[in-house]
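Notes for the one structure printed next.
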Amino acid sequence: MSGRPYVLLSAAMSVDGRLDDASPDRLMLSSPEDFDRVDAVRASCDALLIGASTVRKDNPRLLVGDPGRRAKRVGRGLPADPLKVTVTASSWLDPGLRFWHCGGAKAVFTVDASVEPLREALHGLAEVIGVGPELDWARVLEELGRRGVERLMVEGGTSVHTQLLALDLADELQIAVAPLLVGQEGSPRLVGGGEFPGGPAARMRLLDARVAGDAVVLRYAPKERAL
């Protein structure tokens with residue numbers, strides 16, 4: 001396969017648009033029903049991507065949790081877990097984080113100058129791929145396409161979502177809105193400041209809205225706009 005994968009951005013946020021609070025502990029925004037929905041979406045994808053800041057802060061495993069979904073993937077000739085991907089311009093990632101030590105294949109996309117330092121730091125825990133002198137998201141997606149990724153789920157954080165939306169590279173946006181008000185300055189938002197295609201008046205097309213426990217899940221098509 002070649003070409004770019006279908007890019008699905010996924011996040012849970014509070015009513016005031018926050019992904020977390022300002023404490024060192026992770027704020028649980030999703031309901032159990034929404035966690036199960038996210039797990040089903042993960043199982044439907046070829047790769048899962050989070051930014052390196054999220055890897056460092058949350059120390060996630062980033063796996064398909066339901067044994068039945070894992071078995072169905074294996075029955076279709078797929079690995080039990082999708083490829084796990086992170087993106088960084090830094091030359092250091094902690095090899096002791098859980099991200100590297102569970103699941104199947106992993107990949108790191110980085111700037112050319114950080115390729116060798118990251119390979120030395122990770123000791124073969126992940127494939128490390130350079131995408132140019134600066135982080136080039138188009139090349140990241142093209143490289144994933146070359147590796148057979150047709151459907152990519154992006155689970156944050158703020159900087160990653162902002163860049164992909166600003167570059168018009170996201171095909172779908174799934175947001176679970178939790179009935180919480182964080183209200184803390186400095187807590188991360190769904191997206192940061194940026195120049196987005198079409199400007200402030202561009203309206204994305206709503207694909208679906210449904211209830212998941214006490215959350216509402218909204219699906220949008222960012223590239224389908226009506227000015």
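The values are calculated or read from the model by the stated rules, or taken from the named source; none is laboratory data. The structure presented is a predicted model; accordingly, all values stated were derived computationally and were not measured. Using ideal geometry, Cβ is built from the backbone for each residue, glycine included, and neighbour counts are taken over all protein chains shown. Just so you know, the surface numbers come from the protein's heavy atoms only, side chains and all, with ligands and any DNA or RNA stripped out. Shrake-Rupley method; radii C 1.70, N 1.55, O 1.52, S 1.80 Å.
Given the rule -39500 (n - 2.57) for each run of at least 4 DSSP H residues, summed and divided by the residues of the chain, what is its mean residue ellipticity at 222 nm, to the nearest 500 deg cm²/dmol?
-7000 deg cm²/dmol
Could you rank Leu141, Leu135 by how accessible they are, 1.4 Å probe, largest area first?
Leu135, Leu141
For the range 100-223, report the accessible area per residue in Å² (1.4 Å probe, heavy atoms, rounded to an integer).
Here the residues of the range 100-223 average 49 Å² of exposed surface.
Taking all pairs of different Cα atoms in the range 147-227, averaging 1/r and flipping that mean, what Kirkwood radius in angstroms comes out?
Mean inverse Cα-Cα distance, inverted, gives 14.2 Å.
Taking 7 Å along the Cα-to-C-beta vector as the label spot, tell me the Ala113-Glu150 distance in nanometres, rounded to one decimal.
3.9 nm
With a 1.4 Å probe and every protein chain kept in, tell me what percent of the accessible surface of the chain is carbon plus sulfur.
Ligands and nucleic acids excluded, carbon and sulfur give 53 percent.
Taking a quarter of the surface of the Cα convex hull of the range 3-82, what do you get in nm²?
Here the figure is 6.7 nm², rounded to one decimal.
Let me have the relative contact order for the chain, percent, based on Cα pairs under 8 Å that are six or more residues apart.
Reported relative contact order: 31 percent.
Given 10 °C and 1.306 mPa s, how large is the Stokes-Einstein diffusion coefficient of the chain in µm²/s, with Rh as the Kirkwood radius over Cα pairs?
D, rounded to a whole number, is 87 µm²/s.
Would you mind getting the accessible area per residue of the range 19-65, heavy atoms of the protein chains only, 1.4 Å probe, in Å²?
Roughly 45 Å² per residue, with all protein chains present.
Of the GluC sites (Glu not before Pro) in the range 132-162, which ones lie in a loop per DSSP and count no more than 11 other C-beta atoms within 10 Å?
Glu134
If you take every DSSP beta bridge fully contained in the chain, what fraction is antiparallel? Give it as a percent rounded to 5.
Bridges in the chain that DSSP calls antiparallel: roughly 35 percent.
Count the lysine pairs in the chain whose Cα atoms sit under 27 Å apart, keeping only pairs 8 or more residues apart in sequence or on different chains.
So the count of such lysine pairs works out to 6.
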